[in-house]
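Report on the structure given below.
The values are calculated or read from the model by the stated rules, or taken from the named source; none is laboratory data. It should be emphasised that the depicted structure is a prediction, and the values quoted were computed from it without experimental measurement. Don't worry about glycine lacking a Cβ; one is built from the backbone with ideal geometry, like all the others, and counts go over all protein chains shown.
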Amino acid sequence: MQAMVVNRWGEKSVLATRPDPQPGPGEAVMKVRAAGVGLTLLNMRTGSFGGVTPRIMGHELGGDIVATGSGVTHIAVGDRCAVYFYLTCGHCRWCRGGRETLCERFGGYVGVHRDGGFADYVCLPAANFLPIPAGLDYEAAAIAADAVNTNWHCMRERARLNPHDTVLLIGAGGGVGIHGVQVARLFGARVIAADVSEEKLALARQWGAADTINVRAVADVAAEARRLTDGRGVDAAVDYVGHGHTFQAAIDSLAVGGRAVIVGVGTGPASVDPRSLIQTERVITGSRHSTRTELIETMEIMARGLVRPVVGMRAHFTEVESVFDAIRAETLLGRGALEYA
Ligand SMILES: [Zn+2]
């Protein structure tokens, strides 16, 4: 098969020929039909998520099962499937308690700790393949499996949005953020979108943001969020960028009782006055991806058309580096998508 291989972390992926994968016991092989591309992949390619090289990346995937190993009963050849991103044990207290992304025996990430789907075929534990519902295409199912389900978990379980809430989304025009705008609207919340360009903010407005903040045009994002909420602050703030200064803006934007949630993986510290947390019962927390059940729910929501995939660029999977270039240049609006025809 053809595959895009990262020979060493920090280097670009290159086209190579690899043997077609064969499924071992409990595994299955999928012919990849579509993939999503986002900033997480660029962070992973630096080596900061661990894993060994050479490696085939790619975890937002949709396709058809073409082979199953012994003992696999819940999926069969011909099934249309999406891929679950995390390699979990399935047996620990967190896996059994409905919070599997906190797995005690976490095996790592598809596309980092085992080969992913920027290739004709991908071989994974069968438990990582989930059927795509009727009415959802491969590309939408691929994007469901990180760019959307991350928001489903975040908004419902961590930001705990209600229809009377105002939520600030920092990085709202990015691949995950633009779907966050839609999911936050599903919970009825008013959305304030913050991002670095007018193009990204226009996209956020198009998908339901009521107000926008251009972070390169205002001196103080938190002050602007307060101005847009009559001085009260926001009930929730979600940071898709994840640098210390962006998460600080999220914390400083909160109303009494507000929730600041970090989703993006950046660098640098943020600070908080512990005493203020007593006086305000503000919550400062993180949101870690999504469970399998939440991915199934996300695909059902998308099959009903309640959240739509926002794709700003398409390329053949052998041209994935051109999508990375657009992400690095901050010109990609929404998600990148790869084709396999
Ligand atoms: Zn576990």
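Figure legend. Inter-residue proximity from segment 321-335: first residues at pLDDT 95 or above, second residues part of a helix (DSSP H, G or I), beta-carbon distance below 8 Å, spacing 6+ or different chains. Indicated pairs: PHE324/LEU41; PHE324/LEU42; PHE324/ARG45; ARG335/ILE143; ARG335/ALA147; ARG335/ILE178; ARG335/HIS179. Of the strands (runs of 3 or more DSSP E) contained entirely in segment 203-281, those carrying at least 1 residues that are among the hydroxyl-bearing types (Ser, Thr, Tyr) and on the phi < 0 side of the Ramachandran plot fall at 211-214. Looking across segment 73-101, the residues that are in contact (Cβ under 8 Å) with a residue 24 or more places away in the chain and away from the ligand (no atom under 16 Å from the Cβ) come down to HIS74, ILE75, ASP79, ARG80, CYS81, ALA82, VAL83. Residue pairs whose Cβ atoms lie under 9 Å apart, separated by 6 or more positions or on different chains, with the first residue in segment 118-131 and farther than 21 Å from GLU300 by Cα and the second aromatic (Phe, Trp, Tyr) and surrounded by fewer than 21 Cβ atoms within 10 Å (Cβ to Cβ), are ASP120/TYR340. For segment 222-229, the count of residues that are surrounded by fewer than 24 Cβ atoms within 10 Å (Cβ to Cβ) and touching a helix residue (DSSP H, G or I) at 6+ places or on another chain (Cβ under 6 Å) is nonzero.
GLY334 meets all of the listed conditions (1) surrounded by fewer than 21 Cβ atoms within 10 Å (Cβ to Cβ); (2) touching a strand residue (DSSP E or B) at 6+ places or on another chain (Cβ under 9 Å); (3) on the phi > 0 side of the Ramachandran plot; (4) not assigned by TED's automatic domain parsing to the domain that holds GLY242 but one, namely (1).
Within segment 111-145, the set of residues being touching a Gly at 6+ places or on another chain (Cβ under 6 Å), part of a helix (DSSP H, G or I) and buried (at least 24 other Cβ atoms within 10 Å of the Cβ) comprises ALA141, ALA142, ILE143.
Going residue by residue through segment 259-266, is there one that turns out to be modelled with pLDDT under 95 and surrounded by fewer than 20 Cβ atoms within 10 Å (Cβ to Cβ)? For segment 259-266, residues modelled with pLDDT under 95 and surrounded by fewer than 20 Cβ atoms within 10 Å (Cβ to Cβ): present.
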